[in-house]
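K.L.:
Handing you a structure now.
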Amino acid sequence: MQTILVTGGCGYIGAHTIVDLIENGFNVISVDNLSRASDKSLLGIEKITGKKIKNYKVDLTDKAATEIVFKENPSIIGVIHFAAYKAVGESVEKPLDYYENNLYSLVNLLQMTVKYHATHFIFSSSCTVYGNPEIIPVTENTPLQTAASPYGATKQMGETIVRDTAFTYPISAILLRYFNPVGAHPSNAIGELPIGRPQNLVPAITQTAIGKLPTMQVYGDDYPTRDGSCIRDYIHVCDIAHAHTLAMQYSIKNQTTNHTEVFNLGTGNGITVLEAIKAFEKVSGLQLNYQVGPRRAGDIVSIYANKDHAVKRLGWEIKYSLEDMMRTAWEWEVSLADNK
Ligand code: WQD
């Protein structure tokens with residue numbers, strides 16, 4: 001069986017991807033230092049798939065510890081690299097922590113990938129690399145703008161580091177640019193576990209609805225959009241997860257090394273903040289307690305994906321609707337409250 005190393009395997013997208021890889025016949029090993037995630041995800045993965053996943057509690061900025069993972073697992077043929085800090089606001093407060101963590105880990109991991117002859121490398125990138133785009137939807141060829149935060153800069157630099165590595169060494173690299181991943185696995189066994197007060201929209205909605213937060217704010221309704229609130233491309237985390245399996249299968253099938261390919265992972269539908277709230281209210285039957293507040297610094301007005309490349313080349317299909325995203329996010333929040 002082909003073994004895939006998933007870094008950040010206990011995190012939100014990592015855990016969903018492990019489930020999808022297992023369901024498609026891959027053997028998976030996880031590396032997660034648990035600094036931003038819980039190993040409870042491993043129990044959730046086991047509940048869904050019946051498989052126990054080995055997690056190495058290793059910090060990828062530690063090169064010697066990273067090497068042990070590869071040494072002990074010579075069957076690793078591919079790496080999917082999720083492990084990174086991802087809070088935009090925190091990255092402005094602690095830029096050096098972000099550069100150190102996100103870039104040293106990537107460099108170490110690539111060095112080991114090359115040294116131990118794993119030929120497939122998938123990197124978690126983000127639509128944040130497009131900055132404030134002039135033309136939407138964005139395609140993979142839309143020019144990148146200056147990153148709006150150190151977090152975004154680590155994704156742009158990360159893309160360059162991966163590309164340069166795959167240019168020189170026999171690696172097939174894929175950069176996946178996620179739009180706004182939301183929702184949870186329909187089993188309720190895994191989902192998002194935000195640390196502290198959620199910065200992202202959907203956890204803010206569900207935590208307000210369950211009463212963890214007294215209220216939430218819509219950051220601005222005076223943007224030049226159809227209802228004045230910002231537009232994003234929300235995408236179900238299981239659709240994102242499956243795209244990783246397809247990308248790995250594509251890379252294995254094509255056997256093209258010294259090559260990097262980029263894919264947008266979004267639905268192609270631009271949704272306003274107020275529309276997202278309405279979709280939540282519809283599926284939950286609740287009225288959300290929210291106010292319209294001022295704009296949030298650094299927010300992009302409108303961005304959504306052109307997903308044609310992933311559809312055509314990977315055979316990717318979107319299975320979850322906006323209602324499914326909101327319903328599974330809400331069921332996950334309710335299950336967290338029930339299991340307290
Ligand atoms: C979505 C919309 C807010 C919270 C960030 C990263 C990006 C990506 C996903 C990360 C915006 C509005 C939010 C709230 C609100 N990858 N909002 N009230 O900013 O599009 O993207 O997360 O790992 O790289 O930058 O996502 O969920 O924070 O915001 O009105 O309480 O919801 O203004 O319009 P964003 P988000």
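K.L.:
Among the candidates Asn55, Asn73, which residue alone is polar (S, T, N, Q) and surrounded by fewer than 19 Cβ atoms within 10 Å (Cβ to Cβ)?
P.N.:
Among Asn55, Asn73, only Asn73 is polar (S, T, N, Q) and surrounded by fewer than 19 Cβ atoms within 10 Å (Cβ to Cβ).
K.L.:
Within region 199-231, work out how many residues are closer than 16 Å to Ala337 by Cα, near the ligand (Cβ under 9 Å from one of its atoms) and under 20 Å from the mean Cα position of the chain (by Cα).
P.N.:
Within region 199-231, residues that are closer than 16 Å to Ala337 by Cα, near the ligand (Cβ under 9 Å from one of its atoms) and under 20 Å from the mean Cα position of the chain (by Cα) number 3.
K.L.:
For Lys307, indicate whether it is under 30 Å from Ala189 (Cα atoms), basic (Lys, Arg) and under 19 Å from the mean Cα position of the chain (by Cα).
P.N.:
So Lys307 passes the test.
K.L.:
If you scan region 278-292, which residues turn out to be outside any loop (DSSP other than H, G, I, E, B) and surrounded by fewer than 13 Cβ atoms within 10 Å (Cβ to Cβ)?
P.N.:
If the condition is that a residue be outside any loop (DSSP other than H, G, I, E, B) and surrounded by fewer than 13 Cβ atoms within 10 Å (Cβ to Cβ), then Gln291 is the only one that fits.
K.L.:
From (1) within 16 Å of the ligand (Cβ to nearest atom); (2) part of a loop (DSSP other than H, G, I, E, B); (3) among the polar types (S, T, N, Q); (4) exposed (fewer than 14 other Cβ atoms within 10 Å of the Cβ), pick out the condition that doesn't hold for Thr267.
P.N.:
Condition (4) is where Thr267 drops out.
K.L.:
If Ala297 meets every condition in (1) touching a residue at least 24 places away in the same chain (Cβ under 8 Å); (2) farther than 24 Å from Thr139 by Cα apart from one, which number is that one?
P.N.:
(1)
K.L.:
Tell me whether region 285-296 contains one or more residues that are outside the structural domain of Ser38 (by TED's automatic domain parsing) and within 23 Å of the chain's Cα centre (by Cα).
P.N.:
yes
K.L.:
For region 153-198, how many residues meet the condition of being away from the ligand (no atom under 16 Å from the Cβ) and either of a type outside the set (A, V, I, L, M, F, W, C) or within 28 Å of Asp39 (Cβ to Cβ) (or both)?
P.N.:
16
K.L.:
Look through Ile252, Ile235, Ile240 and report the one residue that is touching a Pro at 6+ places or on another chain (Cβ under 7 Å) and assigned to a helix (DSSP H, G or I).
P.N.:
Ile240
K.L.:
Checking the structure you have, find out if any residue of region 135-152 is under 28 Å from Ile4 (Cβ atoms), buried (at least 19 other Cβ atoms within 10 Å of the Cβ), within 16 Å of the ligand (Cβ to nearest atom) and of a type outside the set (Lys, Arg).
P.N.:
yes
K.L.:
Quick check on Val88: is it touching a Ser or Thr at 6+ places or on another chain (Cβ under 6 Å) and within 16 Å of the ligand (Cβ to nearest atom)?
P.N.:
Yes.
The values are calculated or read from the model by the stated rules, or taken from the named source; none is laboratory data. Only a predicted model underlies this, so the values are computations on that prediction, with no experimental measurement involved. Cβ coordinates were reconstructed from backbone atoms using ideal geometry, including for glycine residues, and neighbour counts include every protein chain displayed.
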